[in-house]
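The next block holds one structure in the form of structure tokens; read it before the comments.
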Amino acid sequence: MTDLELIITQNIHLSGRLWLMRLRAPQIVPSIRGGHFLMLEVSKTYDPMGRRAFAVGDVRGEEILIFYDVVGRGTELMSRMGEGEKIRAFGPLGKRLFSYEGKKHLLLGGGVGLAGLSLYGKELRDMGKEVVFVYGARSAEHLGMLDWLREEGFEYILYTDDGSAGRKGLITEVLREFDTSWTVSACGPKPMLKALKKVVKETGHTLYMSLEERMACGWGVCLGCVVKDPEGNYRRVCWEGPVFRAEEVVL
Ligand SMILES: Cc1cc2nc3c(=O)[nH]c(=O)nc-3n(C[C@H](O)[C@H](O)[C@H](O)COP(=O)(O)OP(=O)(O)OC[C@H]3O[C@@H](n4cnc5c(N)ncnc54)[C@H](O)[C@@H]3O)c2cc1C
Ligand code: FES
């Protein structure tokens, strides 16, 4: 991992609160794998303090794509950055990534959590594996990565809470349609991951989850991102994760 200054080549609004930032990063592109993330310096001042964590959503040539939801001060400042500006980035981070074992992979993304799986999905497909994405959000306008799924030609199933696109209901229910030969990987809000953990207890699927706990340092020092394992020990998501098997952590 390296601390770099990267050039923003594009920063555009996609849909709902989702934005896309493209960064020219030839120095780190060769070492990036699906599930990796970067800590981006969203402000040069103490407002807000600290860097923000973002998954590497995709890699195109020498560029990295960051899909981000504007949810607070830091991401609001990010959305104001323009083409040609520089941004400091620390990474790629993440030691334990998703599993490449098995031939069939079901990838469940809740909202912008899909960005934590998108590059991994491409890797699996390049390896000749069968990949189905399941993408859930509150409503159609929050399915901002749908164009990415279509452009990439992936098979996908959509869910929305209000039924404005795809199926109405909870993304977790989809597991009952796929047998246990499918490995399940997920990234999204904690309530979704908690619900998934419950469902796989019934269905018997192997579930890998990329956790997106709030992070301050991103490299194992501040303990700001810890989760407990079933024995009560703390695990640093940034350092021991961000991907864990469902039974390894308590949510
Ligand atoms: C490994 C990792 C990968 C991530 N990848 C992405 C990504 O690809 N795209 C993306 O949009 N976001 C991603 N996130 C979440 C992103 O880091 C936060 O949304 C961002 O830090 C918010 O910064 P802010 O200053 O705008 O919001 P803040 O002002 O810090 O917070 C605004 C609101 O968002 C909540 N919030 C902040 N961080 C998180 C979090 N990590 N989880 C849940 N709620 C949070 C706060 O509680 C608050 O309610 C990732 C987080 C991690 C740890
Ligand atoms: S964010 Fe500091 S230890 Fe994980």
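We did not get these values from a lab; they are worked out from the coordinates using the rules stated. Since this is a predicted model, take the numbers as computed values, not measurements. Note: ideal-geometry Cβ built from the backbone for every residue, glycine included; neighbour counts use all protein chains shown.
Put the Cα centre of segment 94-156 next to the Cα centre of segment 163-181 and the gap is 14 Å.
With contacts taken as Cα pairs under 8 Å and at least 6 residues apart, segment 104-210 reaches a relative contact order of 30 percent.
Ranked by the mean number of other Cβ atoms within 10 Å of their residues, highest first, the peptides 98-111, 21-34, 218-231 fall in the order 98-111, 21-34, 218-231.
Using C-alpha pairs under 8 Å with a sequence gap of at least 6, the mean separation divided by the residue count of segment 2-93 gives a relative contact order of 42 percent. Working from label points 7 Å from Cα in the Cα-to-Cβ sense, the Lys44 to Lys86 distance is 1.0 nm. If you wrap the Cα atoms of the chain in a convex hull and average its projected area over all directions, you get 12.7 nm².
Given their separation in residues at 0.36 nm each and the Cα-Cα distance between them, Asp126 and Lys198 gain 22.8 nm when the chain is fully extended. Fully extending the segment from Arg245 to Asp161, taken as 0.36 nm per residue of separation minus the present Cα-Cα distance, adds 27.6 nm. Between Glu76 and Met1, the distance separating the two model label sites (each 7 Å from Cα on the Cα→Cβ line) works out to 2.8 nm. Only Cα sites of segment 2-93 enter the Debye sum here, all with the same form factor; the resulting log10 I(q)/I(0) across q = 0.19, 0.20, 0.21, 0.23 1/Å is -0.82, -0.92, -1.02, -1.24, listed in q order.
Checking the cross-link pairs Lys95/Lys122; Lys44/Lys194; Lys104/Lys197; Lys95/Lys190; Lys44/Lys122 against a 25 Å limit on the alpha carbon distance flags Lys44/Lys194; Lys44/Lys122 as lying beyond it. Could you check which residue among Glu83, Glu63, Glu212 shows the biggest mean-square fluctuation in a GNM of the chain with a 10 Å Cα cutoff? In this elastic network of the chain, the residue with the biggest mean-square fluctuation among Glu83, Glu63, Glu212 is Glu83. Stokes-Einstein diffusion for segment 177-251, with the hydrodynamic radius set to the Kirkwood value over Cα pairs and evaluated at 10 °C in a medium of 1.306 mPa s, equals 123 µm²/s.
Across the chain, the mean sequence separation of Cα contacts (distance under 8 Å, 6 or more residues apart), normalised by length, yields a relative contact order of 18 percent. Remark: spin-label model distance Trp219-Thr180 equals 4.2 nm, labels positioned 7 Å along the Cα→Cβ axis.
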